[in-house]
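Input: a single structure, listed below in structure tokens.
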Amino acid sequence: MNCQKYKPTYILIIVNIAIYIIGAIVTGSILETGNQIVFIWGQVNLFVFEGAYWQLFTSMFIHASIFHLAGNMLFLLIFGLRGEEMFSIIEFLGIYFIGGLAGNLLTLLQGAEFISVGASGAIFAMFGAAIIYDRRSVRQSIIGGLVFAFFLFFINTGPQVNILAHLGGLVLGLLLGYIIASRRKPHEQIEAEFRYRNTPF
């Protein structure tokens, strides 16, 4: 089942934008997401500790501002389309959601007062999986891929950035990308690599 038939990247982008618009209508602000949305659907660690486990998933679709949304959707477009060339629909969605969940679980280490929103962990998972899959599938050293992956990670650190979500997603993505590439048959690796080299992004 190939991603090219279903284009999960575009679907995810549409869903994220639609949810942001709904939130903007509810809160009356297009520039920023109100607390009434964040406290219910974002990841509020205190609430998760008290049983709001759904926030570990729903927070992947909540963004703090229109600029936060635009930045994440741009990177999702780039790395998602890369991933579609390499992974099946099941693999793609598994990397995205398991990677996002890993980042959100790691975020719990930042304490009960920490609040987090955004798809960054899931997007970093897709980025890491694509980078390591590319290296592993053609039997190249993975060191260069790891260096590039963590370089992008470090240049995306700073104030208001959930570093642990990025790290959790990236590490999980690297691991899943390596496992998938290692289990691929030679002809599957060649086909995936051919599609990857001929994608416009």
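The values are calculated or read from the model by the stated rules, or taken from the named source; none is laboratory data. Everything numeric here is computed off the predicted structure, so don't read it as measured data. All Cβ positions, glycine included, derive from the backbone under ideal geometry; neighbour counts span all protein chains shown.
Only one of the numbered conditions (1) modelled with pLDDT under 95; (2) under 13 Å from the mean Cα position of the chain (by Cα) is violated by GLY94, and that is (1).
Among the candidates ILE40, ILE19, ILE95, which residue alone is β-branched (Val, Ile, Thr) and touching a Gly at 6+ places or on another chain (Cβ under 8 Å)?
Numbers: ILE40 fails: touching a Gly at 6+ places or on another chain (Cβ under 8 Å); ILE19 fails: touching a Gly at 6+ places or on another chain (Cβ under 8 Å).
Unique residue meeting the criteria: ILE95.
Screening the range 1-13 for residues that are hydrophobic (A, V, I, L, M, F, W, C) and farther than 18 Å from GLY100 by Cα and picking the one that is surrounded by the most Cβ atoms within 10 Å (Cβ to Cβ) gives CYS3. Figure legend. Inter-residue proximity from the range 124-140: first residues among the hydrophobic types (A, V, I, L, M, F, W, C), second residues at pLDDT 85 or above and not in a helix (DSSP H, G or I), beta-carbon distance below 8 Å, spacing 6+ or different chains. Indicated pairs: ALA129/PHE87. Looking at the range 81-101, is at least one residue in contact (Cβ under 8 Å) with a residue 40 or more places away in the chain and more than 18 Å from ALA130 (Cβ to Cβ)? Scanning the range 81-101 turns up at least one residue that is in contact (Cβ under 8 Å) with a residue 40 or more places away in the chain and more than 18 Å from ALA130 (Cβ to Cβ).
Confirm whether PHE92 is within 19 Å of GLY168 (Cα to Cα) and out of contact with any Phe, Trp or Tyr (no Cβ under 7 Å at 6 or more places or on another chain). For PHE92, the condition - within 19 Å of GLY168 (Cα to Cα) and out of contact with any Phe, Trp or Tyr (no Cβ under 7 Å at 6 or more places or on another chain) - is met. Scanning the range 1-52 for residues that are of a type in the set (A, V, I, L, M), touching a helix residue (DSSP H, G or I) at 6+ places or on another chain (Cβ under 7 Å) and part of a loop (DSSP other than H, G, I, E, B) gives MET1, ILE30, LEU31.
For the range 19-41, check the following and say yes or no: at least one residue is at pLDDT 95 or above, aromatic (Phe, Trp, Tyr) and surrounded by fewer than 16 Cβ atoms within 10 Å (Cβ to Cβ). Looking for residues that are at pLDDT 95 or above, aromatic (Phe, Trp, Tyr) and surrounded by fewer than 16 Cβ atoms within 10 Å (Cβ to Cβ), one finds at least one in the range 19-41, hence yes.
Condition (residue is in contact (Cβ under 8 Å) with a residue 60 or more places away in the chain and over 24 Å from ILE30 (Cα atoms)) applied to the range 61-78: is it met by at least one residue? Among the residues of the range 61-78, at least one is in contact (Cβ under 8 Å) with a residue 60 or more places away in the chain and over 24 Å from ILE30 (Cα atoms), which makes the answer yes. Could you please find all residues in the range 82-132 being surrounded by fewer than 17 Cβ atoms within 10 Å (Cβ to Cβ), part of a helix (DSSP H, G or I) and small (Gly, Ala, Ser)? Across the range 82-132, the qualifying residue is only GLY94. Does the range 68-79 contain any residue that is surrounded by fewer than 16 Cβ atoms within 10 Å (Cβ to Cβ) and over 20 Å from LEU170 (Cβ atoms)? Yes, the range 68-79 contains a residue that is surrounded by fewer than 16 Cβ atoms within 10 Å (Cβ to Cβ) and over 20 Å from LEU170 (Cβ atoms).
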